[in-house]
Amino acid sequence: MLAWFFKHTLTSSDQASDSRLNLVSAKLDGLPPTTIILAEIDPLHDDGAHLADRLKAAGVTVDVKEYAGVTHEFFGMGSVVADAKAAETYAADKLKAAFGLSPHDLTSPAGDRRRRPGARGNRPRTGARPRFRRRRR
């Protein structure tokens, strides 16, 4: 899949060997421990698995976690997809561990009940009257 993108976006063959664009052909030894999260139904699944293999071959500690039955864009949909929430938590815990933090450090006090702008009960006060009012009975 990435080969298709390279073919259609790069302007010269020299760009294909740029390690910032082509991680698989880059020099990978000496990189820090890496976590790769794969979605089973993802056109980039095989590319991610190949990168994991290359990292392991370079002596990098690699943790690969695959989520069955999910698509490419599942990560970030934790509020509606249980596996996405699990993947987000897993990635956050791995990142915290990399910095020597416990899984409970840097957790929002509101947890999953974060208030978003415009969410019910969290509307900005403008002083304007509502456009429609309920009729009194």
Self-check item: Rel. contact order, % - alpha carbon contacts under 8 angstrom, at least six apart, region 33-104
Solution: 30 percent
Practice problem: Would you give the gap between the C-alpha center of region 8-37 and the C-alpha center of region 66-84, rounded to a whole Å? | Solution: 25 Å
Quiz prompt | Shape category assigned to region 1-44 from the gyration tensor of Cα positions, a/c cut at 1.5 | solution = oblate
Quiz item: Per residue, how much space in cubic angstrom lies within the convex hull of the C-alpha atoms of region 33-104?
Solution: 75 Å³
Quiz item: Counting other C-beta atoms within 10 Å, which of ASP105, ASP47, ASP53 has the fewest, and how do the rest follow?
Solution: ASP105, ASP53, ASP47
Quiz item: Cα-Cα over 23 Å: which of LYS65/LYS96; LYS7/LYS94; LYS7/LYS56?
Solution: LYS7/LYS94; LYS7/LYS56
Quiz item: Pulled fully out, how much extra length does the chain show between ASP29 and ALA98, if you take 0.36 nm times their separation in residues and subtract their Cα-Cα distance?
Solution: 23.1 nm
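Taken together, the values in this text are just the output of simple stated rules run on the coordinates, not laboratory data. Because the structure is a prediction, the values reported are computed rather than measured. All Cβ positions, glycine included, derive from the backbone under ideal geometry; neighbour counts span all protein chains shown.
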